[in-house]
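Derivation of every value follows stated rules applied to the coordinates shown; laboratory data play no part. Everything quoted here is computed from the prediction, not taken from an experiment. Cβ atoms come from the backbone with ideal geometry, glycine included; neighbour counts cover every protein chain shown.
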Amino acid sequence: MQVETWNAAELVQKDIAHHLHPLTNLHQLRREGPLVLVRGEGVWVWDAEGRRYLDGFAGLWNVNVGHGRRELAEAARAQMERVAFVPTFFGLASPPTIELAARLADLFPEPLNHFQFTSGGAESNETAIKIARYYWWLKGQPDRIKILSRRMAYHGIAMGALSATGVPSYWEGFGPRPPGFIHLTAPYKYRFGEGLSDEEFVARLVQELEETIQREGPETIAAFIGEPVQGAGGVVVPPDGYWPAIASVLRRYGILLILDEVITGFGRTGTLFGMQQYGIVPDIVTFAKGITSGYLPLGGVGVSDEIADTLASADRVFMHGFTYSGHPVSCAVALRNLDILLAERLWENAAEAGAYLLGALRQLEERPYVGEVRGKGLMLLIEVVQDKATKEKYPPEFKLGAKLEAATRRRGVIVRCTPDGIIMAPPLTISREECDVLIEAVAGALADVLE
C-alpha cells in the first residue's frame, strides 16, 4: 500500500486562512489551528504528522461500525458507477432508496413503516416538526402547531430544530427564533431531582407536563419531541419509568410523540434503537449519524401508518423535501452499513463495552471534582464540578472545556470536552483493551487539569 505524506504545516495555514469551522471557538482556532486527521482504522485515527489517537467520540457520535470499512467505500463506488444521483422529488426514485425504506420498515417497530430521507439530523428534525404540523392541518386542526421540548435537548441548529433545542448557548446572537416551542424540565435527576426517588422525580415531571398542556391548551399542541437519552445537552439518562409515563400523557391528549434517534439510533445505547430501552413506540422517529456510520451524509424520518395515510389522503403536492433526500449513493452505503451492524450485532458490544466503561469511570466519583458519571451503552459523561457539595460548576473564565480538550489530546484520545466535563461515545466496535486506553487517558487528563 502506498504511504501518503502530508504537509501538516501547510494544511493548518490553509485551514486558518480559508475554512470557517462549525461549533468551534474561531478566535482560538486562528491562534492554534486545527488538528488535521488523515486516516482511520477501527477506533483509531492518525493526524497529518503521524500521531495516533483513539477516537473516543466516533467522529460526532456517528462512526458506529468504526473507521476504514472498505466494503462501504466499495458500495459507494459501485452505486456511483451505476447512477450517481437520482432525486426523489416529482415521484422519482432509485433502487437503493426504495430498498433502504423497506429495510427500515423491517427494523423499526410497528407501525413505523414509511420514511422520508434527509441529509442529516437537523434536517430530519425540521422535517418531523413540519410533518406533525401538516398532519394536524390535514386533519382540520390547523391551530395545533406548538411543539413541546425539553431544556438541555439538542435537535440540531437549523432554525426550527434550533427552537426545539433547549441549550441557550446555541441561540445566542442568531436573532429571534420561530415561535411555538415550549421547553420542559429535563429528566436530569442529578441536578433537578435531588432527594427524590425515581418514581417521585418522574411524577414531578409528569405533573409539569400535564400543567403545561392544560395551560397552553391541548388543541394548540402538535407534538412532543425528545431524545430517548439526551446527548449533546449532557448525556441525560432518564429514570426507567420516565418515557412510558410521558407517552401515556401524550396519548391521552392526542399529542404526537417524536423521538429523536439521531444519536441513539443504530446501536449506540445497547439496543438497536433507544426507544427499545424504554419500551415505547413514537408516532414519528428521526435518525441520521449511525445509519451510514458517517461515511456519507444521510438522515431520515419515519412515520406511522396513520400519519402516512393522512399525508396521502390529500390530492395535493407534499411541499417539503431536500435536494439530496434519498441520495442513491448514501442509501447504498446505508444498506451495506446496516448489513455490518446487524451481522456483527454491534449493539450488543455497545451494551457490554458501555457497562464496562461506566463501571470503571464511576470510580472517578471518588475525586473531589467529579460530580457524577452517567451513561447508557456507549454514551457516557463525566460531569465535573468545582464544589461537590453544592454542585457548583467551574466559572466560564476557567475555560474547563478547552483545558480538558488539550489534556485529552496530549494523552492520545479525542473526546468531547465541554464546560460540564467529558463526553465519550466511541465506535461500537471498541474492545476491552481499547476501553482501558480510553479510561486511563481520560482519568489522567482530569488529573492534569484539576490536580
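Binning the alpha carbon pair distances of region 377-451 at 10 angstrom intervals from zero yields the distribution 19, 52, 24, 5, expressed in whole percent. Listed by chain and number, the aspartates and glutamates whose alpha-carbon sits under 13 Å from that of LYS403, ignoring those within fewer than 8 places in the same chain, are ASP420, ASP448, GLU451. Rg over Rh for region 1-78 works out to 1.01, both radii taken from alpha-carbon positions and Rh defined as the Kirkwood radius.
Annotation note: trypsin sites (Lys or Arg not before Pro) in region 128-233 located in DSSP loop regions with a Cβ neighbour count of at most 14 within 10 Å are LYS139.
Among the trypsin sites (Lys or Arg not before Pro) within region 49-82, those in coil by DSSP and having at most 15 neighbouring Cβ atoms inside 10 Å are ARG51. Looking at the chain alone, DSSP beta bridges between its own residues are antiparallel in about 65 percent of cases.
Which FRET efficiency, nearest 0.05, do GLU110 and SER313 yield, Cβ-Cβ r, R0 22 Å? With a Förster radius of 22 Å, E is 0.60. Stretching GLU81 away from HIS21 to a fully extended chain increases their span by 18.4 nm, per 0.36 nm per residue minus the current alpha-carbon distance. Derived value for the chain: Kirkwood hydrodynamic radius 22.9 Å. Basis is the mean of 1/r over every pair of different alpha-carbon atoms. Computed over neighbours whose Cβ is under 14 Å from that of GLU433, the net charge equals -3, Lys and Arg +1, Asp and Glu -1.
When the pairs LYS189/LYS376; LYS189/LYS388; LYS146/LYS393; LYS130/LYS289 are compared against a 24 Å limit on Cα-Cα distance, LYS146/LYS393 fall above it. A helix-only calculation puts the chain at -12000 deg cm²/dmol for mean residue ellipticity at 222 nm, using -39500 (n - 2.57) for each DSSP H run of at least four residues, averaged over all residues. Extension gain for LEU35 to GLU49 (0.36 nm times residue separation, less C-alpha to C-alpha distance): 4.1 nm.
When Lys and Arg each count +1 and Asp and Glu each count -1, what net charge do the other residues less than 12 Å away from VAL413, Cβ to Cβ, add up to?
+1
Which of the helices in the chain, when you take each full DSSP H run, stretch at least 24 Å along the axis at their Cα atoms and have an average Kyte-Doolittle score of 0.5 or higher? Result, helices passing both filters: 432-450.
Tell me which GluC sites (Glu not before Pro) from region 187-248 have a DSSP coil assignment and no more than 10 other beta carbons within 10 Å of their own.
The qualifying sites are GLU194.
Summarising the label geometry, the points placed 7 Å from Cα in the beta-carbon direction at GLU366 and GLU211 lie 4.2 nm from one another. Judged by the gyration tensor of its Cα atoms, with axes a ≥ b ≥ c, region 134-189 is oblate; a/c meets the 1.5 cut and b/c is at least as large as a/b. Please work out the Cα center distance from region 352-367 to region 188-232, rounded to the nearest Å. The two parts, judged by their Cα centres, are 28 Å apart.
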